[in-house]
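First comes the structure, then the notes that go with it.
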Amino acid sequence: MEGNARTIYDPLRKKDVALTPEEEVRQWFIGVLRDGLKVPVHMMMSEVGMVYGAGKALRADIVVWERGSGKPLMIVECKRPEVTLDSTVTDQALRYNNILDVKYIVITNGTKTFMFRREGDGFVFVEKAPLWEEM
């Protein structure tokens, strides 16, 4: 990056990106997925573009893919630390789910993280995140 802009390497996009507060949270959570939940790096993508409704472009912060099928398994919505994880954030992740139809939704601001698992037609809070192999 040019000038004094701070950057961080994104292992999913395989390039340096501007180190914004939201990007810092995204990179931290990529580490949580990789090191904590044992998600292989090649089974994750960041900044996943999609189209919703009448052509509205959206971008999911992180998408984790299923083994074998290659279908989307998890959406992660990252926010800056000062952003409250309220229904607006949850609704955003649910819009992404309308397109990707995932089993897990995660919202995080780096300070608080909430994980939800599909159960029937809705989602329920997950107390302890399973390893990727168990999802």
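Comparing Gly120, Gly110, Gly36 in a Gaussian network model of the chain (Cα springs below 10 Å), the most mobile by mean-square fluctuation is Gly120. For the chain, excluding the exposed loop sites themselves (GluC sites (Glu not before Pro), DSSP loop, at most 10 other Cβ atoms within 10 Å), the longest remaining stretch covers 3-81.
For Glu119 and Thr20, the difference between the fully extended length at 0.36 nm per residue and the C-alpha to C-alpha distance is 32.2 nm. The charge dipole of the chain, taken about the Cα centre with unit charges on the Cβ atoms of Lys, Arg (+1) and Asp, Glu (-1), comes to about 240 debye, rounded to the nearest 20.
Restricting attention to the chain, lysine pairs at least eight places apart or on different chains and with alpha-carbon atoms under 26 angstrom apart total 23.
Relative contact order, whole percent, for the chain stands at 19, derived from Cα pairs under 8 Å and 6 or more residues apart. Shape analysis of the chain places it in the rounded category; the axes a ≥ b ≥ c from the Cα gyration tensor give an a/c below 1.5.
Multiplying the residue separation of Thr7 and Thr88 by 0.36 nm and removing their Cα-Cα distance gives an extension gain of 26.3 nm. Taking a ≥ b ≥ c as the square roots of the eigenvalues of the Cα gyration tensor, an a/c ratio of 1.5 or more together with a/b no larger than b/c marks segment 37-112 as oblate.
Between Val126 and Val41, full extension at 0.36 nm per residue minus the direct alpha carbon distance yields a gain of 28.3 nm.
Rule-based calculations on the coordinates, nothing more; no lab input. What you see is a predicted model, and the numbers here were worked out from it, not measured in a lab. Every residue, glycine among them, receives a Cβ derived from its backbone with ideal geometry; neighbour counts consider all protein chains shown.
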